[in-house]
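Colleague: First, the structure itself, so that you have it in front of you.
The values are calculated or read from the model by the stated rules, or taken from the named source; none is laboratory data. Just so we're clear, the structure is a prediction, and the values are computed from it rather than from any experiment. Cβ atoms come from the backbone with ideal geometry, glycine included; neighbour counts cover every protein chain shown. Just so you know, the surface numbers come from the protein's heavy atoms only, side chains and all, with ligands and any DNA or RNA stripped out. Shrake-Rupley method; radii C 1.70, N 1.55, O 1.52, S 1.80 Å.
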Amino acid sequence: MAAIAVHCDGGREDGWTCSVTLREGGLDISNHHVRVWVSDLERLSPYASEPTALVKASFAFLLERESPQMINRSFDLLDIARYFPEYESSIRGATGTS
């Protein structure tokens, strides 16, 4: 599986924009921008103060289901659930919440 590097800018007032780089063999293979709203973080990872771990777990979820090239380059985090209905329940388990 590709290595996942996440950097999020923003805060609780306006949400976050996270840059995600997927790497294999030391090379960047794809870059993505993910928008995370405060409501998303509270819903999926309520004890987190920022979304880096949630975004990383979400990309691990995606990479189990599709190749890095198939992942949209820019999207809102909850868009994942439109394509994978099991996303929310799976990700809550992966981030230690129920």
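Colleague: Inside the stretch 1-21, can you point out the residues that are closer than 10 Å to F59 by Cβ, in contact (Cβ under 8 Å) with a residue 24 or more places away in the chain and either open to solvent by 30 Å² or more (accessible area, probe 1.4 Å) or under 12 Å from the mean Cα position of the chain (by Cα) (or both)?
Modeller: M1, I4, V6, C18, V20
Colleague: List every residue pair whose Cβ atoms sit under 9 Å apart, with the two residues 6 or more apart in sequence or on different chains, where the first one lies in the stretch 69-91 and is farther than 15 Å from L44 by Cβ and basic (K, R) and the second, anywhere, is at pLDDT 95 or above and open to solvent by 60 Å² or more (accessible area, probe 1.4 Å).
Modeller: Filtered contacts from the stretch 69-91: R73/N31; R73/H33.
Colleague: Return the residues of the stretch 53-89 that are polar (S, T, N, Q) and surrounded by 15 or more Cβ atoms within 10 Å (Cβ to Cβ); say none if nothing qualifies.
Modeller: Residue satisfying the conditions is S58 alone.
Colleague: Given the conditions (1) open to solvent by 90 Å² or more (accessible area, probe 1.4 Å); (2) modelled with pLDDT of 95 or more; (3) of a type in the set (D, E, K, R), report the number of the one that R35 does not fulfil.
Modeller: Among (1) open to solvent by 90 Å² or more (accessible area, probe 1.4 Å); (2) modelled with pLDDT of 95 or more; (3) of a type in the set (D, E, K, R), R35 violates only (1).
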